[in-house]
Amino acid sequence: MSEQEKQNTVEEPLVEVRHLKKYFDAGKGRKLHAVDDVSFRIRKGKTMGVVGESGCGKSTLGRMLVHLESVTDGQIFFHGQDITHPSSRELKKIRQQVRIIFQDPYSSLDPRKTITQTMQEPLFYMGHHSKEEIEVRTSQLMDMVGIDQRIRLAYPHELDGGRRQRVGMGRALAPNPEFIVCDEPVSALDVSIQAQVLNLLMDLQDQYGLTYLFITHDLSVVKHISHDICVMYLGQLVETSPSKELFRQPLHPYTKALLSAVPSLDIDHKAERIMLKGEITSPINPKPGCRFAQRCPFATEACAKEQKLEEVSKDHYVACCRVREING
Ligand SMILES: Nc1ncnc2c1ncn2[C@@H]1O[C@H](COP(=O)(O)OP(=O)(O)O)[C@@H](O)[C@H]1O
Ligand SMILES: [Mg+2]
């Protein structure tokens with residue numbers, strides 16, 4: 001094996017998506033391009049943040065990764081293996097290794113089940129644990145996510161939002177997964193509770209080497225938890241880079257606008273708030289070219305051609321043909 005090959009092996013990502021697409025049928029032969037040619041890699045034990053406005057395809061992307069949504073085109077790799085179209089046996093295994101935490105734990109938890117039953121369910125589904133083992137594991141899970149053993153028989157409606165989200169996390173963690181998609185896990189929580197849940201997610205990552213895809217519309221939430229960030233706009237990635245670099249030097253006009261709207265962030269190149277004007281392009285049969293152009297203060301005719309992610313500085317990719325002029 002050559003030096004280069006050795007390095008590639010060491011750096012093999014845990015999760016990789018290549019040219020992933022999800023088109024929904026929008027009637028009359030039209031297609032809604034919810035996720036449109038998205039590629040990225042997530043390193044083992046790290047967090048990839050996915051940021052973008054509501055409706056840009058974040059949840060659809062996450063749901064494809066956990067096989068709650070079928071894939072229109074492209075590939076998903078886990079441990080270097082193509083898991084895009086698993087057999088039912090493979091799917092059962094994937095459902096243990098790859099888990100999801102939802103935004104609203106109230107609607108994602110079964111109101112008729114106690115929180116213990118909810119957390120145990122994935123263990124029963126696996127089918128190879130004794131009752132005793134499941135009891136022991138449940139106690140462990142409650143400790144891991146910080147739920148008092150005394151409320152093990154409580155129902156979801158008896159808990160506050162923060163505890164409900166902890167139950168959702170316990171359920172995700174039950175089969176000892178390697179990768180968790182966190183779909184806006186703190187967006188429905190009070191700000192004071194948000195920090196607790198984020199800290200818990202980070203502690204669990206440290207302790208168990210977990211890998212996360214962390215979805216949010218709120219850049220300030222993703223800043224501390226993410227090692228790398230993808231910025232999504234209408235189904236496509238417009239910028240991706242290590243998190244620190246993105247906050248230090250956002251390069252795409254959309255990322256700049258998103259960052260300028262977060263008042264509390266002390267980025268080095270703090271610009272004035274950029275107000276976005278113009279219509280949002282429809283995701284139904286979108287024209288080729290930059291989907292942000294209609295709202296972009298820097299748009300020219302050149303933006304009508306297809307924009308590809310291009311490495312502008314080390315590991316920092318931007319899909320904008322004017323990126324150098326704008327940031328020059
Ligand atoms: N099951 C579905 N059928 C048709 N369209 C959908 C479906 N799910 C999502 N969409 C559309 O796909 C786009 C992306 O949605 P979503 O992934 O939920 O975005 P986000 O999570 O970023 O808010 C939206 O235009 C949404 O209306
Ligand atoms: Mg969503």
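Each reported figure results from applying straightforward, stated rules to the coordinates on display, with no laboratory input. Not measured: the values here are computed from a predicted model. Positions of Cβ are backbone-derived with ideal geometry, glycine not excepted, and every protein chain shown enters the neighbour counts.
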Computed over region 238-328, the relative contact order (Cα-Cα under 8 Å, seq sep at least six) in percent reads 33
Quick note on Met126, Met144, Met232, ordering by fewest other C-beta atoms within 10 Å, gives Met126, Met144, Met232
So, relative contact order of the chain in percent, Cα under 8 Å, 6 or more apart, is 20
Measuring from its Cα centre, region 238-328 shows a charge dipole (+1 at each Lys and Arg Cβ, -1 at each Asp and Glu Cβ) which, in debye to the nearest 20, is 180
With +1 at each Lys and Arg Cβ and -1 at each Asp and Glu Cβ, the charge dipole magnitude of the chain around its Cα centre, to the nearest 20 debye, comes out at 640
Lone Cys, the chain, Cβ cut-off 4.7 Å -> Cys56, Cys182, Cys230, Cys296, Cys320, Cys321
Total charge of the residues flanking Pro175 in space, meaning their Cβ is under 11 Å from its Cβ, with Lys and Arg +1 and Asp and Glu -1, is +4
Fewest-first ordering of Met275, Met64 by Cβ atoms within 10 Å yields Met275, Met64
Rounded to the nearest 5, the percent of DSSP beta bridges in the chain running antiparallel is 60
Residues whose built amide H sits under 5 Å from the amide H of Gln307, excluding neighbours closer than 5 in sequence, are Gly289, Cys290
Under a Gaussian network model of the chain whose springs join Cα atoms within less than 10 Å, the largest fluctuation of Lys308, Lys28, Lys92 belongs to Lys28
Neighbour-count ranking for Ser130, Ser59 (other C-beta within 10 angstrom, fewest to most) reads Ser130, Ser59
